[in-house]
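Asks: Before I ask anything, let me first share the structure, which is written out below as structure tokens.
The values are calculated or read from the model by the stated rules, or taken from the named source; none is laboratory data. What you see is a predicted model; the values in this text were computed from it and never measured. Ideal geometry is used to build each Cβ from the backbone, glycine not excepted, and the neighbour counts take in all protein chains shown.
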Amino acid sequence: MEQQDRIMDGDLQTLGLQAILKMLALSGKTGTLFVHSGQETLSISLRKGQIVALREDGVPQPDLPGMLCLVNRLDPARVQPIREYARGNMQVALALLQEQGLMGAAEVQQRLEFAVTQSISHALRWINGRFAFHRQLLTMESHMRPLDIDSTLLEALRQADEWEEMGETYLTRTTVARWLPEVNNDVRNLGLSQEFIEVLCLSNGEIPLQAMALALMMPEARVARIMHRLLELHLIEIVDTALETELQQDLSNVIIRCQHVLVQQKQSPNPEQHLLGLIRTLSECINGLLHHHGRYAKSLRGRGHIPETEVARYLERRFAQSLQLLARQHYPILETASFVDGQLDCTDILTLDKLVKGEKLEEFYWEAVQGLAAYLRMVFAELLRDEVGNSHTGRQLNVVWKAFLTEIDHEIQQYQVYLAYRHTRMHGREGTRPSQIALAPNWNTGPQSDGGPLWPGEIRRRTI
């Protein structure tokens, strides 16, 4: 806006937002009021002393249709095209919902008015900041009828007072909550009111408190009170978004390092070395995950510096039992692995060639690969459940993890193809298709002239 268009400006400590709006309403001003506090900016368009549009910068645009689907007020299938077209623009989404007959005109107006009131209510609580009023009317998309400032202020003040009545609280309008993964009961059996159930439904780890209030047309402070109670009932937990960003980056780096180790072992000269390389890869991946979890485990957070010995004891308590169970029930070779200083020690498996030779060594290696692969999956699933639960972050990490597991599975399948071919040759049967065998690298288990079993890459060349 041009400097010459500015009519008035000042400090919020000198003149609060309530007084500014009343003054502009009484004088019937037309123009745009800008209010700044920290990183937040409120732009209010006025025409003849009435509010015709409002924009709140620094606040993510809420996916209103998506939230209404979560509380079962709209059908996801019918709303999906609207969500894709609106791309988070609430004004566009509401206009399309009305156009498609999914929402009445009265409710659309009510929601637009509530959004304006909610934003002004938040700004009324700003102590530090500045304001400026320009006579030029800022172009802002709005399908709302003009609002009377006095009645809007009355409701906004009432909502602001609810926050004050709560006293000190760590919940803010940007607080994000998610369901606790341990909750398996049907919440309808808990005797919760409809309001509680709807807030619970919206606690998916992605929607901030401010957006919940907007979707439910409920004062933010009331949503905060409900969230307090849901926290007491251990149905939700608060998401530390900064911590989860750091956590996500660290776990992604672990996966990338695992992929690098896997690539390095692919050049093994024979099946035995191939299996040994896989054992090293799997054990390094497991230990990378354990080290990561020692930093981000939920029960270790917020306790300052924790001695490494205590972290190691925690990791052993958490993961040693599942390793022992896996060894007893499926893979006895894992009994030779143990926890040392919070890390999985596979030295006895890696040095097994000093005690065992030939096919027996290969059998032990193969069992170790299968066991460690199963244990790797268990460790990742457990740490992800503990650290981020059923959240957007968790789903993103799962996608990356499954891509890595696909690479591991491919390496394991190569060996299985080789076993199948070797078994076929040992029993004098033919008929193995070259297309099945050509997946593995160029390895063989002995001199080509002695009729011994060949590694699949060599088989492929001979059969073409």
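Asks: Of the residues S142, S151, which single one is surrounded by fewer than 17 Cβ atoms within 10 Å (Cβ to Cβ), modelled with pLDDT under 90 and among the hydroxyl-bearing types (S, T, Y)? Working first, answer last.
Replies: Working: S151 fails: modelled with pLDDT under 90.
Unique residue meeting the criteria: S142.
Asks: Between A86, A19, which is free of Cβ contacts under 8 Å to residues at least 40 places away in the same chain and buried (at least 17 other Cβ atoms within 10 Å of the Cβ)? If you could, list the steps in order and put the result at the bottom.
Replies: Values: A19 fails: buried (at least 17 other Cβ atoms within 10 Å of the Cβ).
Sole residue among the options that is free of Cβ contacts under 8 Å to residues at least 40 places away in the same chain and buried (at least 17 other Cβ atoms within 10 Å of the Cβ): A86.
Results for (1) in the same structural domain as T351 (by TED's automatic domain parsing); (2) in contact with a Leu (Cβ under 7 Å, 6 or more places away or on another chain); (3) outside any loop (DSSP other than H, G, I, E, B); (4) hydrophobic (A, V, I, L, M, F, W, C), shown as yes or no for each residue.
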{"site": "L247", "(1), (2), (3), (4)": "yes, no, yes, yes"}
{"site": "C258", "(1), (2), (3), (4)": "yes, no, yes, yes"}
{"site": "L282", "(1), (2), (3), (4)": "yes, yes, yes, yes"}
{"site": "H293", "(1), (2), (3), (4)": "yes, yes, yes, no"}
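Asks: State which residue pairs qualify: first residue under 11 Å from L276 (Cα atoms) and without any contact (Cβ under 8 Å) to a residue 60 or more places away in the chain and inside the range 341-363, second residue of a type in the set (G, A, S) and in a helix (DSSP H, G or I) in any location, beta carbons under 9 Å apart, and separation of 6 or more residues or different chains.
Replies: Pairs found: L352/A368.
Asks: So, in the range 41-52, how many residues would count as being over 19 Å from R6 (Cβ atoms) and either surrounded by 20 or more Cβ atoms within 10 Å (Cβ to Cβ) or in contact with an Asp or Glu (Cβ under 7 Å, 6 or more places away or on another chain) (or both)? Let's see the steps before the verdict.
Replies: Taking the range 41-52 first, the residues over 19 Å from R6 (Cβ atoms) are 48, 50-52.
Okay, now just the ones that are also either surrounded by 20 or more Cβ atoms within 10 Å (Cβ to Cβ) or in contact with an Asp or Glu (Cβ under 7 Å, 6 or more places away or on another chain) (or both), so 50-51.
Selection size over the range 41-52: 2.
Conditions (1) of a type in the set (F, W, Y); (2) farther than 21 Å from G38 by Cα; (3) within 31 Å of the chain's Cα centre (by Cα), marked per residue:
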position: G104; (1), (2), (3): no, yes, no
position: L112; (1), (2), (3): no, yes, yes
position: Q118; (1), (2), (3): no, no, yes
position: L124; (1), (2), (3): no, no, no
position: A132; (1), (2), (3): no, no, no
position: Q136; (1), (2), (3): no, yes, no
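Asks: Can we say A95 is under 26 Å from G31 (Cα atoms) and in a strand (DSSP E or B)?
Replies: On the way: under 26 Å from G31 (Cα atoms): yes; in a strand (DSSP E or B): no.
Against the criterion (under 26 Å from G31 (Cα atoms) and in a strand (DSSP E or B)), A95 does not qualify.
Asks: Continuing with this model, one more query. Which of (1) at pLDDT below 90; (2) of a type in the set (A, V, I, L, M); (3) buried (at least 19 other Cβ atoms within 10 Å of the Cβ) does I238 not meet, given it meets every other one?
Replies: (3)
Asks: Continuing with the same structure: List pairs: first in the range 113-139 and assigned to a strand (DSSP E or B), second of a type in the set (S, T, Y), Cβ under 6 Å, 6+ apart or cross-chain?
Replies: As it stands, the answer is H134/T32, since those pairs meet every condition given.
Asks: While we're on this one: Being free of Cβ contacts under 8 Å to residues at least 12 places away in the same chain, within 17 Å of V71 (Cβ to Cβ) and crowded, with 17+ Cβ neighbours inside 10 Å, is that true of even one residue in the range 182-196?
Replies: Going through the range 182-196, the residues free of Cβ contacts under 8 Å to residues at least 12 places away in the same chain turn out to be 184-186, 188-189, 191-194.
Then drop every residue that is not within 17 Å of V71 (Cβ to Cβ), which leaves 186, 188, 192-194.
Those still in the list that are crowded, with 17+ Cβ neighbours inside 10 Å too: 192.
Yes, the conditions are met somewhere in the range 182-196.
Asks: Could we say that E316 is in contact with a Gly (Cβ under 8 Å, 6 or more places away or on another chain), among the charged types (D, E, K, R) and in a helix (DSSP H, G or I) here? Quick ask: steps written out before the conclusion?
Replies: Numbers: in contact with a Gly (Cβ under 8 Å, 6 or more places away or on another chain): yes; among the charged types (D, E, K, R): yes; in a helix (DSSP H, G or I): yes.
Spelling it out, E316 is indeed in contact with a Gly (Cβ under 8 Å, 6 or more places away or on another chain), among the charged types (D, E, K, R) and in a helix (DSSP H, G or I).
Asks: Counting just the residues of the range 109-131 that are buried (at least 18 other Cβ atoms within 10 Å of the Cβ) and among the aliphatic types (A, V, I, L, M), which one comes out nearest to T41 (Cα to Cα)?
Replies: Of everything passing the filter in the range 109-131, A123 is nearest to T41 (Cα to Cα).
Asks: Is it the case that the range 320-338 has a residue that's in a loop (DSSP other than H, G, I, E, B), farther than 27 Å from V263 by Cβ and over 31 Å from the mean Cα position of the chain (by Cα)? Walk me through it before giving the result.
Replies: From the range 320-338, those in a loop (DSSP other than H, G, I, E, B) are 330-331, 337; that's our starting set.
The next check asks that each one be farther than 27 Å from V263 by Cβ; those that pass are 330.
Okay, now just the ones that are also over 31 Å from the mean Cα position of the chain (by Cα), so 330.
The answer is yes, given that some residue of the range 320-338 is in a loop (DSSP other than H, G, I, E, B), farther than 27 Å from V263 by Cβ and over 31 Å from the mean Cα position of the chain (by Cα).
Asks: Looking only at the range 14-60, how many residues end up being more than 22 Å from L214 (Cα to Cα) and at pLDDT below 90?
Replies: The qualifying residues number 4.
Residue-wise test of (1) surrounded by 12 or more Cβ atoms within 10 Å (Cβ to Cβ); (2) more than 25 Å from N287 (Cβ to Cβ); (3) modelled with pLDDT of 85 or more.
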| position | (1), (2), (3) |
| --- | --- |
| R385 | yes, no, yes |
| H410 | yes, no, yes |
| V417 | yes, yes, no |
| H423 | yes, yes, no |
| G428 | no, yes, no |
| P441 | yes, yes, no |
| D450 | no, yes, no |
| P453 | yes, yes, no |
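Asks: Working only within the range 132-166, note down all residues that are among the polar types (S, T, N, Q), closer than 20 Å to I7 by Cβ and out of contact with any Ser or Thr (no Cβ under 8 Å at 6 or more places or on another chain). First the steps, then the outcome.
Replies: Restricting attention to the range 132-166, the residues satisfying the condition of being among the polar types (S, T, N, Q) are 136, 139, 142, 151-152, 159.
Now drop any that are not closer than 20 Å to I7 by Cβ, which leaves 136, 139.
Residue satisfying the conditions is T139 alone.
Asks: Working carefully through the options V356, V369, V400, V379, find the one that is at pLDDT 85 or above and surrounded by fewer than 17 Cβ atoms within 10 Å (Cβ to Cβ). Quick ask: steps written out before the conclusion?
Replies: Details: V356 fails: at pLDDT 85 or above; V369 fails: surrounded by fewer than 17 Cβ atoms within 10 Å (Cβ to Cβ); V379 fails: surrounded by fewer than 17 Cβ atoms within 10 Å (Cβ to Cβ).
Step by step, each of V356, V369, V400, V379 is checked, and only V400 is at pLDDT 85 or above and surrounded by fewer than 17 Cβ atoms within 10 Å (Cβ to Cβ).
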